[in-house]
Every structure is written in structure tokens, then in C-alpha cells.
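Every number here is computed from the coordinates shown, using simple stated rules; none is lab data. This is a predicted model, so every value here is computed, not measured. As a convention, Cβ positions derive from the backbone with ideal geometry for all residues, glycine included, and neighbour counts pool all protein chains shown.
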Amino acid sequence: MSGRRPHASSALATLPTAGLVLLAAGLGWYAGRHEPLDDAAREPASRPAAASARPGSPTAQPSPTPARPPALAPLPGGRVLASPDPQHFLVLRYRETDPPETGRLEIESVYTLRRDPQRFLRAPNKRAPHGHYLDDLGAERAAELERAQARLQREAASGALDPEADARLADAARRVLALGDATALEALLTPEHPPSVRRTIAAVLVEAGFRSAAPVLAESLDSQVAADRERAAALLQRLAGRPIPDRESFEHWWVRLHPAEREARVELPAEEPPR
């Protein structure tokens with residue numbers, strides 16, 4: 001086996017030509033729409049050219065600053081490191097499938113460059129003398145989601161029935177949803193959970209457009225608490241696009257939906273401010 005390092009182009013050759021074309025086009029689009037996060041890394045603005053010394057000659061127009069081309073570098077295993085801007089680095093790979101025509105490029109990891117001289121003050125073995133670090137955004141998001149899910153479970157298991165507990169549960173549920181997880185909320189809609197938890201979670205899901213949570217929220221239409229009934233009716237009206245003042249009107253709307261429509265997520269109209 002040869003110990004020579006493969007030429008840089010050999011790793012890029014593992015990607016089909018069409019994949020590389022799509023990669024370059026996509027990164028060029030990304031770079032054109034996302035400005036660098038570091039002000040010092042921005043391209044200087046074009047300066048107007050000096051006017052011609054000849055009387056009456058037109059002033060030269062500045063040429064537009066060209067967009068920074070995306071940087072590509074080969075990585076082991078057929079992966080490619082792409083840098084659409086000076087702050088972000090993407091590890092991409094081409095996932096082969098059968099048939100090959102359905103293969104696609106995937107973003108495996110995303111890193112961001114951060115300057116943090118105070119990091120690892122008591123860990124010299126980890127400290128970078130230059131004070132810059134590449135942080136894995138995927139790992140950060142996963143850790144943040146795990147913390148949000150743990151908080152959601154704590155609030156759901158607290159058993160408190162006061163309005164403040166409902167507000168904390170709703171806030172925890174919205175945070176988990178904002179981080180990209182609806183399944184943790186849907187798991188709390190099952191009958192073994194307290195009705196107060198189920199209704200609060202259903203309200204959060206319905207306000208985010210999840211029709212599947214509507215039957216649970218509709219239970220609040222029978223509540224003895226007027227505020228619960230009014231909130232459920234308002235949310236269901238936004239979801240259905242028609243007044244839903246009671247369970248009968250809800251069932252009349254719900255039975256006419258196709259099963260696929262019941263599972264769909266829809267965009268709700270903006271909530272009208274109170275008059």
C-alpha cells in the first residue's frame with residue numbers, strides 16, 4: 001500500500017459531476033444571501049472612481065464587488081469541507097442510493113468559528129493560543145434540545161394545577177417545539193397523562209398549526225372554566241377557519257376532514273389583537 005497522500009482532486013472525484021455542480025451552485029447562492037458574521041471579514045465597499053481630468057468626461061462607475069466564491073477542500077471518506085462564508089464550515093457527503101439517480105448531497109456537520117480567549121482558563125491542554133475555536137452547531141443544538149425536553153418532562157410531572165404551572169408547561173413546550181421536536185409534545189397527549197397537561201400541550205400544538213392535537217383541545221370546550229373554553233374556541237376557530245363554539249360544531253368540522261388533512265400541519269392566520 002502506498003503511503004503517499006492522495007491528490008486533492010481524488011477526494012472530490014468521489015462526488016458525481018452533477019453533485020459538484022449542485023454543490024457549487026448551492027454554496028454560491030448561500031454565500032450571496034448570508035453575510036459574514038465577523039465585521040472584519042466583510043468585503044470593503046467599492047469606492048467611487050475618481051472623475052476624469054478631461055472636462056465633460058463622464059465619471060467612471062465603480063464595478064460591483066464580486067461575491068466571495070465558496071471554498072471547497074477534500075476530506076477523507078469522500079467528504080468535502082465547504083466554507084460559504086468566513087464564519088461557517090460545512091462537512092458534506094454524497095449519499096449513494098439504488099438507483100444512483102436518487103442520490104443526494106447531505107450536510108453532515110456545520111461548524112462555526114468563534115473567538116473566545118476566556119475558554120478553558122483552567123484547561124491548558126485544551127486551550128488554543130490564538131483564542132479561536134470551531135464549535136459544532138449540531139452538537140450544541142442537540143444538547144439544548146435535551147435540556148429543553150428534560151424541563152418539559154419536569155413541568156409535565158409536577159402535578160400542579162395553578163395557572164402559573166400551566167404557563168410554565170406551555171413555555172417549556174414551545175421551547176421544545178422551537179428547537180425542532182414535536183414528538184415529545186405529542187407523547188404527552190395520551191390518556192395516561194393528566195387532563196390539564198394534555199389540554200395545555202394540545203393548545204401549544206394547535207397554535208403551531210398541528211391539526212392532530214385538535215380533538216384533545218376540543219375537550220376544553222366542555223370545561224367549567226370560561227377562560228379555558230374561550231381560549232380553546234379561539235384557537236380552534238383559527239385552525240378551522242370557522243367558528244367552533246362547542247363540541248358539536250367541532251365534530252361537524254372534524255368528521256369532514258380527510259385522514260391526511262387531520263395529520264397535516266397548517267399555517268394559522270395571525271391572531272387578532274383584542275379590541
Length gained, Q118-D136, 0.36 nm per residue minus C-alpha separation, equals 4.6 nm
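Equivalent ellipsoid semi-axes for segment 141-263, as square roots of 5 times the alpha carbon gyration tensor eigenvalues: give them largest first, rounded to whole Å. Walk me through the intermediate numbers first.
Numbers: eigenvalues 122, 58, 25 Å².
Each semi-axis is √(5λ); the values are 25, 17, 11 Å.
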What full-extension length gain, to one decimal in nm, is calculated for T102 and A128 as 0.36 nm per residue of separation minus the Cα-Cα distance?
-> 5.1 nm
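Sorting V91, V216 on the 10 Å Cβ count, fewest up front, what's the list? Before the final figure, lay out the partial values.
Details: V91 18, V216 24.
Result, fewest neighbours first: V91, V216.
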Report the full-extension gain for the segment E267 to V255: residue separation times 0.36 nm, less the Cα-Cα distance, to one decimal in nm.
-> 2.3 nm
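Below 8 Å between Cα atoms, with a sequence gap of 6+, how large is the relative contact order for segment 195-275 in percent? Working shown, then result.
Numbers: 89 pairs, mean separation 26.1, N = 81.
Once normalised by length, the contact order is 32 percent.
So how do E219, E207, E164, E146 line up by other beta-carbon neighbours within 10 Å, fewest first? Numbers along the way, then the final one.
Working: E219 16, E207 20, E164 8, E146 12.
Sorted ascending by nearby Cβ count, the order is E164, E146, E219, E207.
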The simple spin-label model distance between R174 and E248, using points 7 Å out along Cα→Cβ, in nm, is 3.5 nm
